[in-house]
1. Just B:259, B:297, B:145 to compare: in a GNM of chain B, with alpha carbon springs under 10 Å, which one fluctuates most?
2. Calculate for chain A the 222 nm mean residue ellipticity that helices alone would give, adding -39,500 (n - 2.57) per DSSP H run of length 4 or more and normalising by residue count, nearest 500 deg cm²/dmol.
3. Between the range B:28-86 and the range A:87-123, how many Å separate their Cα centres?
4. Test of understanding: what is the full-extension gain from residue B:290 to residue B:266, defined as 0.36 nm times their sequence separation minus their Cα-Cα distance?
5. Kirkwood Rh, Cα Rg: Rg to Rh for the range A:91-199?
6. Tell me what chain B gives for mean residue ellipticity at 222 nm when only DSSP H runs of n ≥ 4 count, each as -39,500 (n - 2.57), the sum divided by the residue total, rounded to 500 deg cm²/dmol.
7. Take the alpha carbon atoms of the range A:144-223, find their center, do the same for the range B:122-158, and report the distance between the two centers in whole angstrom.
8. Simple spin-label model, 7 Å along Cα-to-Cβ: residue A:87 to residue B:190 in nm?
């Protein structure tokens, strides 16, 4: 126990580009004890994946390990030859990559992919390999008749479990997990994590778990290292970090996590003093239906994305549309903003008599009333135009401002969404800004036409955790000041709880439950909603039973 | 409007121009092309007429005629330079037209999709499956042999492939969020295609132009060599045609075809250099990998594992 199984000392990694090299990782040191779950947390660009890939020496060019050493099982990785390293990978340490979709080869069956690993590293073939493959699948609770399935026939959760099974194939003492659950839905994520914890109990391996989601690691890790800009800013036991940590960055991370359980924290987001809504809805959606039809003439397939959804939104209200991937929530956003025509049903704007879905051409008036903020701040701005262009075009198009008023108005808008000084930001190109700043520009663009309704499709899911609440605050503030109506679409129940007044839970294109936010969180009626609420609450893992509680010895170390 | 001018700084075009100038490959390629273009435009005013009978036929290079004379006693130097004029003009015009037509048809098909795409794709596919070379030969011999005919034939047989590529690129852009955002802000479709999407395709359009120009120059020279162009004009293709007609190989008068052939090769080489350069400018990873290879000591570069420069001090 005293001898660490992994020790990383002063590791530095450079990316050799142009005249100056970019320091991606700077003097990172940590030790992992045998049998421990060690978490590495950081936002995008913090260098957490680079550290791990440098440890395995699988970083592609133009990376260069400029300093430091790494000992795994007392073997000096930096001095090892290529043959040593290849021999070492998978037998001593295996890695579960971020996206199971990419980690599995789409043209090979599960059986062939497991056999590959067994043959190369253990020389097992034929029936022996088959038996081992069956054992591995039963470890991760997948029936062995799935052996002949191809990756596309499996769900995301199943694929991820198979990748874990392959990582376990040779029973390495250390497993590295690089964001293994990021692409998965919350409920599936919880299943995978509890499976991993259960397996570790049974097989006793060491886990190095990398994620951007501090909340998740607090559930099951023993010790944590928090990374920022290529350096470890804090390294401590989980119980100390849970209390708030020492470094201001840790404090910020801990403080910015909304929770779906317990009493609602006050003051996290601005709320108007009293909530009263007019009697008539500003937007009404009735029996909305969208069916996608594949155009293959031999095999006509129908996919019902949205199935009879009806809801009303009142002026000044924030509605949370919560659902997992495939629930049809983004399709609803596209239907409401009329990027797509519904297959059936209707959308009424401002009173009953204006049915908006009849004509193919969308009137400018509708565009002006309903605006949208997209999920991906990197994709929703055009990289060849300045911020000024993005904000000025809608105003030109709708003839709202003339040349002389334009620039001051845009500066004002930018400062309103927290981009000061506005005149500097107006001249910037998207690639000169961070993700959070871009998303603010996207929000400013949506606000530039002074719309009545904003559809926000997962506006924070691609942003770093520490700035998510700041971005949500813009919506909360705009609602309070301008009586803006927001349709907030998210997969994250906790953030919907804090921003929205009312939550609609979607599953498979239909509404499961609809209620005022606090009521829905505190007393969910439907089974699915209950699952969602439990999965988003802290302590979900230990609530599964004593098997999942942390080993005391580490807690008291 | 001072503000607005400031905003244009650092726009995509200036970034591209500076990228090309800084890139060695693109820069040297551009210099060669520029040299050829300037020579073709201005030098003919100062030298012998390429069609005059000047000296003893098939006399080798000398001080008087530095590239010698051909079978008709014409100055090969003058022919090479004057030939560049029409060859380069037709080649680059065909390149531009091919890209414009391809961008128009492919862009519209990819952006609108549905029935419009079905019809335009059918058109593109018909032109793709038509055998280009025989069609080119038949059209060129059937139509009156003028530079315009050649241009038309080259564009007609060359546009479809580019249209196909641009169509697929447009289809991927069509569903990007920035296009949806432009639609929601009320922009017209034409403006979205021209102002929002086309500049994003600049590297594709530029390399399509380069590719089409190389093809057009090659095909044009080939047609003229076969005698399908206007043999009374002076182009690189007709130079080669006459060289072969006058049995240059049998008489061992190499100077009648080497200058022209070399010019064609150098121009194609320069265009290819520009194409590589555009690749690197639009995909910086290619450059950084080269820098990495130069900087990291050779013995450390190992195919399978990340190099380590120094052990702990």
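1. Most flexible of the set in this elastic network: B:297.
2. That comes out to -10500 deg cm²/dmol.
3. Here the answer is 65 Å between Cα centres.
4. Difference between extended and current length: 6.1 nm.
5. Result: Rg/Rh = 0.93.
6. -22500 deg cm²/dmol, from helical runs alone.
7. 59
8. Going by the 7 Å Cα→Cβ label model, 7.1 nm.
Any read-out appearing in this document is the output of simple, stated calculations on the displayed coordinates, not a laboratory observation. Here the structure is a predicted model, which is why all the values come from computation and not from measurement. Every residue, glycine as well, gets a Cβ built from its backbone with ideal geometry; the counts of neighbours run over all protein chains shown.
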